[in-house]
1. Sum up the charges of everything whose Cβ sits under 13 Å from the Cβ of Cys184, counting Lys and Arg as +1 and Asp and Glu as -1, but leave Cys184 out.
2. When the accessible area of the chain is computed with all protein chains present and a 1.4 Å probe, what percentage of it is carbon and sulfur?
3. Given labels modelled 7 Å from the Cα in the Cβ direction, how far is it in nm from Lys58 to Leu44?
4. As a test, work out the antiparallel percent of DSSP beta bridges whose residues both lie in the chain, rounded to the nearest 5.
5. Using a basic spin-label model with each label point 7 Å from the Cα along Cα→Cβ, how many nm lie between Thr91 and Gln133?
6. Which of the peptides 145-157, 68-80, 276-288 is most tightly packed, and how do the rest follow, judged by the mean count of other Cβ atoms within 10 Å per residue?
7. For the chain, what are Rg and Dmax over the alpha carbons, in angstrom?
8. Quick check for you: with a 1.4 Å probe and neighbouring chains kept, what is the accessible area per residue of the chain, in Å²?
Amino acid sequence: MGKTKNTSLDTVVTDFILLGLSHPPNLRTLLFLVFFIIYILTQLGNLLILFTVWADPKLHARPMYILLGVLSFLDMWLSSVIVPRIILNFTPASKAVLFGGCVAQLFFFHFLGSTQCFLYTLMAYDRYLAICQPLRYPVLMSGKLCTILVAGVWVAGFIHGSIQATLTFRLPYCGPNQVDYFFCDIPAVLRLACADTTVNELVTFVDIGVVAASCFMLILLSYANIVHAILKIRTADGRRRAFSTCGSHLTVVTVYYVPCIFIYLRPGSKSPLDGAVAVFYTVVTPLLNPLIYTLRNQEVKSALKRITAGLGTANENK
């Protein structure tokens with residue numbers, strides 16, 4: 001059990017014990033290696049996307065790829081908030097997290113996660129303008145406006161994370177302090193509160209579940225209009241290229257939103273599937289994003305070839 005301190009009023013928890021993912025003891029080393037490799041590949045893959053967008057003039061001048069670079073940056077940090085803690089749970093290291101560390105993890109997870117949620121919606125809006133309003137697109141989504149919208153996404157995410165962390169940790173925690181989860185998230189932490197959590201569960205349902213569901217519906221609405229516009233394109237090649245620019249984003253959105261809605265639209269529930277679903281969108285999705293965008297996006301693949309060819313030429317001239 002973690003350390004506690006006695007006060008005149010109650011016993012106050014000063015740290016939490018993260019029980020981590022349930023696993024057979026004989027698989028501990030294997031799971032350590034699997035999550036360690038996933039983390040390294042996630043960082044390298046998203047770093048490659050960031051470098052490609054930054055290095056290729058054809059990409060970093062376009063809002064679509066500016067947003068992709070921001071998404072890669074978010075994935076790197078979101079993975080860093082969660083995965084190292086999971087890896088530590090497969091080692092003899094202490095599973096205790098200081099109270100302040102738990103607050104920080106919950107805040108940054110919801111700050112980065114909600115920022116990503118809003119960013120996906122912005123990316124769908126960008127694709128809607130590019131395909132449904134092609135002649136007005138340079139005006140409707142200029143570089144300056146894109147920067148302002150991205151800043152707004154970050155501010156909205158910060159407000160969301162602050163609200164969730166403040167509401168969760170305004171409650172008293174007087175023991176037990178064992179979090180039956182692999183990181184400090186709202187549903188798992190609220191189960192340890194020594195007070196009524198009805199208000200928190202309602203806010204979680206509205207602020208996370210409904211917002212995520214609303215963003216998802218806006219994305220689907222954008223893509224309904226996009227598909228309608230694509231079907232009007234006369235040439236098969238034109239339709240194929242239009243679909244290819246949207247397919248990557250729609251794939252990523254699906255694997256991110258569906259698990260989030262599954263977890264947060266069931267306040268107070270505790271399902272054995274929660275851990276597996278949470279691992280998918282906190283660990284696997286940041287790994288899949290660079291793979292999806294590089295394997296399915298022809299422009300990113302072309303940019304990588306140009307950069308590789310340029311580096312090869314530079315080395316030959318030395």
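1. Numbers: positive: Arg85, Lys95, Arg191; negative: Asp15, Asp180, Asp185.
Every neighbour counted, the sum reads 0.
2. Values: 10960 of 15610 Å².
Looking at the chain in its full context, I get 70 percent from C and S.
3. Result for the modelled spin labels: 2.6 nm.
4. Values: 6 of 8 bridges.
Rounded to the nearest five, the antiparallel share is 75 percent.
5. That separation, rounded to one decimal, is 5.1 nm.
6. Numbers: 145-157: 15.3, 68-80: 20.9, 276-288: 19.2.
Most protected by this proxy first, the peptides run 68-80, 276-288, 145-157.
7. 21.9, 77
8. Numbers: 15610 Å² over 318 residues.
On a per-residue basis, 49 Å².
The values are calculated or read from the model by the stated rules, or taken from the named source; none is laboratory data. What you see is a predicted model, and the numbers here were worked out from it, not measured in a lab. Don't worry about glycine lacking a Cβ; one is built from the backbone with ideal geometry, like all the others, and counts go over all protein chains shown. When the accessible area is computed, the model is the full protein with side chains, heavy atoms only, and any ligands, DNA or RNA have been set aside. Shrake-Rupley method; radii C 1.70, N 1.55, O 1.52, S 1.80 Å.
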